[in-house]
Amino acid sequence: MMTFRRLHLLSPLATTICNLLMVYVLYFVARIIYLMVNYSYFAQGLTLSHLMEMLGGGLVFDTTAILVTNIPYIVLMLLPWHGKETRGYQQLCRWVFVVINALAFAVNLCDAVYFRFTMRRTTTTIFSEFSHENNLGSIFLTETIGHIYLVAIFALLVWAIYKCYRQTGLRTNDYRWWHYDLVMLLSLAGLAPFVVAGIRGGFATAVRPITISNANQYVDRPVEAALVLNTPFSLYRTIGKAVFEVPDYYASEEEMAAVYTPIHKPLASDSCAFTKKNVVVLIVESFGREYIGALNKTLEGGNYKGYTPHVDSLIAKSVSFSRSFCNGRKSIDGMPSILSSIPMFVEPFFLTPASMNNVSGIARLLAGEGYETAFFHGAQRGSMGFQAFARATGFQAYYGREDYDEDKRFGGDRDFDGMWAIWDEPFLQYYATKMSEMKEPFMTAVFTASSHHPYVVPEEYQDIYPEEGIIIHKCIRYTDMAIGKFFEKVSHEPWFNNTIFVLTSDHTNLSDHAYYQTDLGGFCSPIIIYEPGNTERKPEIQNKIAQQIDILPTVMGMLHYKKPYFGFGIDLFNTPEEDTWAVNYLNGIYQYVHNGYVLQFDGQKATGMYALTDSLMERNQVNKFKNIQQPMERELKAIIQQYMERMTQDRLQP
């Protein structure tokens, strides 16, 4: 009897879990209604297996929404206070539960109607979008009458969850008060990790808290992401994320486009036919320009120490740039910049509502020309949101840690670094092998992982690459070796001479040189373009300004691509040195590099201007050279306004 009573004390926990499981049914019904109301938008290519994939993905987002919205209910139910086992208190819990989930169900149903106007889930931008409208009441009433069946479904389901709600059924003589309080405290403590993991989207350290862009990993078309998501999640994840405010620097599109446009058109002077060369992009984790000896020969009297002998030898055969920059400071900034020519302004593109826009990139452009495309990342699927972004931008296949494990030719999880991903050396060998199994022409990208916190190398390399300088240097040496072995392997493949290789980093990392610790120096990433089959373009380190968002236009130019396309960068090989530029964003400040200077601009006024020869950025010359500063401000304003307008209007296509 005592054992039964002790187990009976778990009734509040069991009741809470049972009631929360009931909410999953509510979200499932809402998603099916969403599908049926807007079936014509989702019907294209919809198969049962793909529908199941999307419904399965929806569970991830439902879990986050259910746990976030029901935190008040969970706390009320498991509060370690024995006095709450009264009829009045339990009725309070019941009504909190019903009201919270009725509201969640209501916004999902409303969004099913609103979808056809936006083709996306509603985010918090709706509040600013309609903040000045005074006819919302009549619009809502009209739509309610027009969809009265949804009102009936809402009433029926809310009544159902009220009637099906389970109560604890404990009586005060069933327990000793301190037993009850202790069990409730332990229940809260035990449930907390699962709630946190559910809100984040998983337990793994490599999984960032999921955002609306993660829905793309379950869909074939951007519009389908709305079916995977739910509206409470979209609202919750965009609270405080109204990052894109459109400035009014230019009164008309024509005036702005005359200064800058991200729409690229074929060059009239280019009479060459489209060239179907393979394209291989290596995005190397944290591989800042600082670590590369060949790109720092003029610094420290020519005695600059680098850590990349293999990449140095690659540079000797390639075109690279003395002033090359990344467009963000996080891994999630690098992928859109490099593969879709979208820089990071204000917030990472991944984390904003604009990530659900119709986005293109190298993969989709070349897939349209018959290319086979694939993205490789040695971490688990879903890590960093890369799989979602890859799929959204046209990569047909994605290979991660799970795929590596299944390939019996390689070492499987024995090659896992214990934290993030498969070690770079074996994964790059896997990457090379898989490419050789692809049909030409192909376009691939790989995102490495080893040159990253916690800054360790495989055990067998600890004596070969000992601690030196700063902690990341041994990792850079290890990854450089892995890159060298990769190029050694692919150099023997029949497709090698018909390939354009691009090597860059996602961002920079730890630094031990003052030059690379300035506002601009922290964005110094390499851009290396290696075309082994081209004997006409001589290897050199050019003095042009280059940036990650230039990679897409430059590759399209090298292939003589004949269609208009979208990209914020420029074609480096078809742009004179004096017209090259770079832009990035740091803590509320835009930095624009052009004409031998870097301009810092806060959105309203210039706050700094430094000569690039002032490597430590010690002499602020803002407002001293108006003839240089004013054209730079005008150009930067056009870039910013184009970005903000196109993000908020879903115009990321030509």
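Brief remarks on what is shown
- Sites Ala258 and Cys164, calculated FRET efficiency, Cβ-Cβ separation with R0 51 Å, nearest 0.05: 0.20
- Counting DSSP beta bridges with both ends in the chain, the antiparallel % (nearest 5): 50
- Percent of Cα pairs exceeding the 24 Å cut-off, where the set is segment 482-590: 37
- Mean residue ellipticity (222 nm) of the chain, computed from DSSP H runs ≥ 4 via -39,500 (n - 2.57), nearest 500: -13000 deg cm²/dmol
- Spin-label pair Ile71-Glu540: with each label point 7 Å from Cα along the Cα-Cβ axis, the two points sit 5.8 nm from one another.
- Taken as entire DSSP H runs, the helices of the chain that both span 27 Å or more between Cα atoms along their own long axis and average 1.6 or more on the Kyte-Doolittle scale are 11-37.
- Modelled FRET efficiency - R0 45 Å, Glu468 with Arg381, Cβ distances, 0.05 increments: 0.80
- Rounded percent of accessible protein surface that carbon and sulfur make up, segment 407-471, 1.4 Å probe: 51
- Over 29 Å between alpha carbons, listed pairs Lys330/Lys408; Lys538/Lys624; Lys276/Lys544; Lys297/Lys624; Lys265/Lys626: Lys330/Lys408; Lys538/Lys624; Lys297/Lys624; Lys265/Lys626
- One quarter of the surface of the convex hull around the alpha-carbon atoms of segment 186-297 equals 15.7 nm², the direction-averaged projected area.
- The residues of the chain present an accessible area of 42 Å² per residue when probed at 1.4 Å with all protein chains retained.
- Our note on the geometry: Cα centres of segment 242-265 and segment 425-457, 37 Å apart.
- The residue among Phe376, Pro441, Tyr34 whose Cα reaches farthest toward the positive pole of the charge dipole of the chain, with charges on the beta-carbon of Lys, Arg, Asp and Glu, is Tyr34.
- The chain, dipole about Cα centre (Lys/Arg Cβ +1, Asp/Glu Cβ -1), debye to the nearest 20: 1960
- Relative compactness, segment 355-506, computed as alpha-carbon Rg over 2.2 N^0.38 Å: 1.07
- Mean-position separation - Cα centroids, segment 575-640 and segment 512-539, in angstrom: 20
- Theoretical gain in end-to-end length, Arg200 to Ala251 [0.36 nm per residue, Cα-Cα removed]: 14.1 nm
- Judged by the ratio a/c of the largest to the smallest principal axis of the C-alpha gyration tensor, segment 544-585 counts as oblate, that ratio being 1.5 or greater while a/b is no larger than b/c.
- When the solvent-accessible area of segment 226-322 is split by element, carbon and sulfur atoms take up 53 percent of it, the probe being 1.4 Å.
- Translational diffusion coefficient (Stokes-Einstein; Kirkwood radius from C-alpha pairs) of segment 265-306 at 25 °C, 0.890 mPa s, in µm²/s: 172
- Pairs of alpha carbons in segment 517-654 whose separation is greater than 20 Å (percent): 52
- Each Lys and Arg contributes +1 and each Asp and Glu -1, all at the Cβ; summed about the Cα centre of segment 205-285, the dipole is approximately 480 debye.
- The reciprocal of the average 1/r between distinct C-alpha atoms defines the Kirkwood hydrodynamic radius, which for the chain equals 27.3 Å.
- Relative compactness, segment 322-401, computed as alpha-carbon Rg over 2.2 N^0.38 Å: 1.09
- Percent carbon-and-sulfur accessible area, segment 508-654, ignoring ligands, DNA and RNA, probe 1.4 Å: 44
- Linear extension gain, Phe274 paired with Leu616, 0.36 nm per residue minus alpha-carbon span: 118.8 nm
- Relative contact order (percent, whole number), segment 583-644, Cα cutoff 8 Å, 6+ residue spacing: 21
- When only alpha carbons are used to place a centre, segment 185-228 and segment 463-485 end up 34 Å from one another.
- Sites Ile148 and Leu182 - FRET efficiency at Förster radius 56 Å, r taken between beta-carbons, to 0.05: 0.65
- For the set Leu150, Leu182, Leu103, the ranking by accessible area, highest first and with no ligand, DNA or RNA atoms included, is Leu103, Leu182, Leu150 under a 1.4 Å probe.
- Cα shape, segment 575-620, gyration tensor, a/c 1.5 rule: oblate
The values are calculated or read from the model by the stated rules, or taken from the named source; none is laboratory data. Being a predicted model, the structure only gives us computed values, none of them experimental. Note: ideal-geometry Cβ built from the backbone for every residue, glycine included; neighbour counts use all protein chains shown. Keep in mind that these areas ignore ligands, DNA and RNA; they rest on the heavy atoms of the full protein, side chains included. Shrake-Rupley method; radii C 1.70, N 1.55, O 1.52, S 1.80 Å.
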